[in-house]
Amino acid sequence: WVLKVIQLFETTKVRHGIMLVGPAGGGKSCIFKCLKETLQECHGIPYKDVRFNPKAIRAQEMYGETDPLSGEWTTGVFAALWAKYNNRNNAYNTWIIADGPVDAIWIEDLNTVLDDNKILTLANGDRIPMTDNVKIMFEVETLVNASPATVSRA
């Protein structure tokens, strides 16, 4: 188990998108928590983890959608989190954790975040870049529904 914490730490040094895969009750959340607390103590910088279950909402609610009647844009849950925490002025580091099953519908929209561009592009044309104080992580049981392109990026 300690080896898994060390491996996660080493991965955070070189990757900005990370997938932790394993069965429910396998210790994934505890690994995140242990590393987060250790980094806070060693570096003296607070770490926040922001969790959401991407399968609990529709893809449009995750990223945002335009109202068909008014034409008004409504920012989605993930897009709002992304905009809030990708701020270099924040005095803390943030791990945005998608805690739930990977689905090809919503994960493909994160490919530009997970590749070297590190930019979230929304349907309304907004482009929100990733900052160095944020990592995007996925806590999943399986990668059956993830494309090879997505897996290779995270």
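The values are calculated or read from the model by the stated rules, or taken from the named source; none is laboratory data. Here the structure is a predicted model, which is why all the values come from computation and not from measurement. Using ideal geometry, Cβ is built from the backbone for each residue, glycine included, and neighbour counts are taken over all protein chains shown. Ligands, DNA and RNA are stripped out before the accessible areas are found, and what is left, the full protein with its side chains, is counted by its heavy atoms. Shrake-Rupley method; radii C 1.70, N 1.55, O 1.52, S 1.80 Å.
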Considering only Cα-Cα distances, which of the following residue pairs are longer than 21 Å: Lys4/Lys55; Lys4/Lys84; Lys84/Lys118; Lys33/Lys118; Lys28/Lys84?
Lys4/Lys55; Lys4/Lys84; Lys33/Lys118; Lys28/Lys84
Would you mind getting me the FRET efficiency between Ala104 and Arg51? Use the beta-carbon distance for r and R0 = 22 Å, nearest 0.05.
0.55
The chain, relative contact order in percent, only Cα pairs under 8 angstrom and at least six apart counted:
32
Average Cα contact separation per residue, region 60-148, under 8 Å, 6 or more apart, as relative contact order %:
33
Which residues make up the longest stretch of the chain clear of chymotrypsin sites (Phe, Trp or Tyr not before Pro) that lie in a DSSP loop with no more than 12 other Cβ atoms within 10 Å, not counting the sites?
2-91
In region 33-78, which GluC sites (Glu not before Pro) are in a loop and have at most 13 other Cβ atoms within 10 Å, using DSSP for the loop call?
Glu72
If I ignore ligands, DNA and RNA and count only protein heavy atoms, how much of Lys55 is accessible to a 1.4 Å probe, in Å² to the nearest 10?
100
List the residues, sorted by chain then number, that are 5 or more residues from Thr94 or on another chain and whose placed amide H is less than 5 Å from its amide H.
Lys48, Val134, Lys135
Heavy-atom accessible surface of region 6-70: percent carbon and sulfur, 1.4 Å:
54
What the Cα atoms of region 1-149 span along the principal axes, largest first and in whole Å, is 53, 37, 25
Read phi for every residue in region 24-31 and hand back ³J(HN,Hα) as whole Hz from Karplus 6.51 cos²θ - 1.76 cosθ + 1.60, θ = phi - 60°, with x for Gly and Pro.
4, x, x, x, 4, 4, 5, 5
Rg to Rh for region 1-73: what is it, with Cα atoms only and Rh by Kirkwood?
1.14
When all C-alpha to C-alpha distances in region 31-116 are sorted into bins of 10 Å, what percent of pairs does each bin hold, rounded to whole numbers?
15, 39, 32, 11, 3, 0
Pull up all non-local amide H partners of Met19: gap of 5 or more, or a different chain, and H-to-H distance under 5 Å with H placed in the peptide plane.
Phe138
